[in-house]
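Notes follow the structure.
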Number of protein chains: 2
Amino acid sequence: MPKQVDHEQRRQLLAEAVFAVIGTRGWEAVSLRDVAVQAGVSMGTVQHYFPAKQQMLLFALAQMRDRVNARLQATLAALHGPGNQPSRRELIRAATAVMLPVDGPGREEACVNIAFFSAATVTPEYARQLRDGYSRILTVTVASFREAARLGELRDGIDPDAEAPALYFLTQGLVGPILIGLYQPDDALALIDAQLNRLFR
Amino acid sequence: MPKQVDHEQRRQLLAEAVFAVIGTRGWEAVSLRDVAVQAGVSMGTVQHYFPAKQQMLLFALAQMRDRVNARLQATLAALHGPGNQPSRRELIRAATAVMLPVDGPGREEACVNIAFFSAATVTPEYARQLRDGYSRILTVTVASFREAARLGELRDGIDPDAEAPALYFLTQGLVGPILIGLYQPDDALALIDAQLNRLFR
DNA sequence: TGTTTTTTAATGCGACTGCATCGTAACGGT
DNA sequence: ACCGTTACGATGCAGTCGCATTAAAAAACA
């Protein structure tokens, strides 16, 4: 009965257009027309896949969470690549670097996320989705620290349940300053490494 | 030359109206008309004091920086109150608590700041102002840590130049999660205290 | 009191917004 | 080959936006 297009793939294409608009011209520039132009389709197409603008943005937010997680998994998988077993410290450092806006995609993701954070202060739906996404990463971070503690990679007296959130929120706190040019990515990574030196043997 | 009203005071009144609009209905709701209604004046008045919307927002951003600094100074001055000399740890902890959205004013300030952060990703003027404001607080934080080190309040082996930015950015990283309800203010303060226990004797 | 200048208010305008309403093209099932 | 459903594009509409224009009100100085 349907035609031949992949519905979900079309929605993802439009979500990517939303990201491009936010990343280049900001959250305020996200109009149905501009998203359509960015995606190379007509406005009717956008309306066809998203009955309302907020639904488009909610889908885009979920898509962004998946995108970050995918980039995270890919980075961690690359460390496991050529037959070598990475240490927990290497994994945690790589995951931290992924969340910092150091390269092009990372910066776009950070811009989109901070825009949704701002919108979430007055739109509970965004806040709920952000909570889900960030709490998951936080949980994984804590689990990774506990594993490091179990493997004896942490220094004596380091509490993984206390230091894992601290490192995670420190990373989050570095995103904004990097975005506005207050802190350079190299300095941020140096700060992270200093903390890792303190936590790991 | 007749003049009856205090120009600067009027502009501050309008800036407060901007904060109220952002805090209650979000950055997108900041229109000249809504700001005028919030301030209890007409739209022509807003236009008279700010020839363009962006100038109003730039002034509001500078005003917000002053407001945070004022609240910070007031909090620190209160610690110096009844003839007692507060420790550097007490001062740093108080300053940290001021920057977290724990009470009403703190939450409004955090909402406004995150909104400007988002806007700063595409508007360099905002980015520059934010850099100035945050770098100043960062400088003060580092100076306070150095003073703590000079007074011997820090534990052995603690580098103030490395740990001061870490604590500062950790605090910044806690703001967003508290705003969206991912983290409770009490938990955030507990996390800060755990770090302070590590840094101070 | 009359004049000048600032302050405040009211209104209009072009542009843009999200959304609804069409019309049409294209494929799948029968 | 026909028809129904889906995909998609074009256009209209009520509302809002920032900003310009205009005028009235009010206070300081002549």
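Only the coordinates and a few stated rules stand behind these numbers; no lab work does. The structure displayed is predicted, hence computed values, not measured ones. A quick note on method: Cβ atoms are made from the backbone with ideal geometry, for glycine too, and the neighbour counts reach across all protein chains shown.
Neighbour counts of C-beta atoms inside 10 Å place B:LEU57, B:LEU154 in the sequence B:LEU154, B:LEU57, starting with the fewest. Remark on segment B:1-51: Rg and Dmax equal 11.3, 40 Å (Cα only). Ordered by the number of other Cβ atoms lying within 10 Å of each residue's own Cβ, fewest first, A:GLU153, B:GLU163, A:GLU8 fall into the sequence A:GLU8, A:GLU153, B:GLU163. The angle between the Cα long axis of helix A:88-99 and the longest principal axis of the Cα atoms of chain A comes to about 30 degrees, rounded to the nearest 10.
Estimated at 0.36 nm per residue, the fully extended path between A:ASP103 and A:GLU90 surpasses their Cα-Cα distance by 2.8 nm. Considering chain A, its Cα convex hull presents a mean projected area of 14.0 nm².
Among residues of chain B, the one whose beta-carbon sits closest to the B-to-A rotation axis is listed with its distance in Å as B:GLY173, 1.
Shielding of peptide A:113-126 by partners, expressed as the average count of other chain Cβ atoms within 10 Å per residue Cβ, is 6.
For segment B:147-172 versus segment B:67-104, the spacing of their alpha-carbon centroids is 17 Å.
Summary for A:ALA20: label point 7 Å along Cα→Cβ; distances to the equivalent points in the other copies, ascending, 4.2 nm. Amide H to amide H, with H built 1.01 Å from N, B:PHE200 comes under 5 Å of B:ARG155, counting only residues 5 or more places away or on other chains.
Backbone geometry of segment B:35-45 corresponds, through the Karplus equation with coefficients 6.51, -1.76 and 1.60 at θ = phi - 60°, to 3J(HN,Hα) couplings of 4, 4, 4, 4, 7, x, 10, 8, 5, x, 4 Hz, x marking Gly and Pro. Projected label points at B:GLN12 and B:GLU28, each 7 Å from Cα along the beta carbon direction, are separated by 3.3 nanometres. Here r is the Cβ-Cβ distance between B:ALA74 and B:ARG146 and R0 is 30 Å; the resulting FRET efficiency, rounded to 0.05, is 0.80. Residue by residue, segment B:186-198 carries 3J(HN,Hα) couplings of 5, 5, 4, 5, 4, 5, 4, 4, 4, 5, 5, 4, 6 Hz when phi is fed to the Karplus relation 6.51 cos²θ - 1.76 cosθ + 1.60 (θ = phi - 60°); x denotes Gly or Pro. In terms of surrounding Cβ atoms within a 10 Å radius of their Cβ, B:MET64, B:MET43 rank from fewest to most as B:MET43, B:MET64.
Sorted from closest to farthest, the other copies place their A:GLY104 label points 4.9 nm away, with each point set 7 Å from Cα along Cα→Cβ. In the distance distribution for segment A:89-193, Cα-Cα pairs more than 19 Å apart total 49 percent. On a 0 to 90 degree scale, rounded to 10, what angle separates helix B:124-150 from the longest Cα axis of chain B? Between helix and principal axis, roughly 20 degrees.
Summing +1 for each Lys or Arg and -1 for each Asp or Glu among the other residues whose beta-carbon sits under 12 angstrom from that of A:ARG146 gives -3.
With Kirkwood's inverse mean 1/r over C-alpha pairs for Rh, give me the Rg to Rh ratio of the protein assembly as shown, two decimals please.
The Rg/Rh ratio comes out at 1.00.
Based on DSSP H segments of at least four residues, each scored -39500 (n - 2.57), chain B has a per-residue ellipticity at 222 nm of -25500 deg cm²/dmol.
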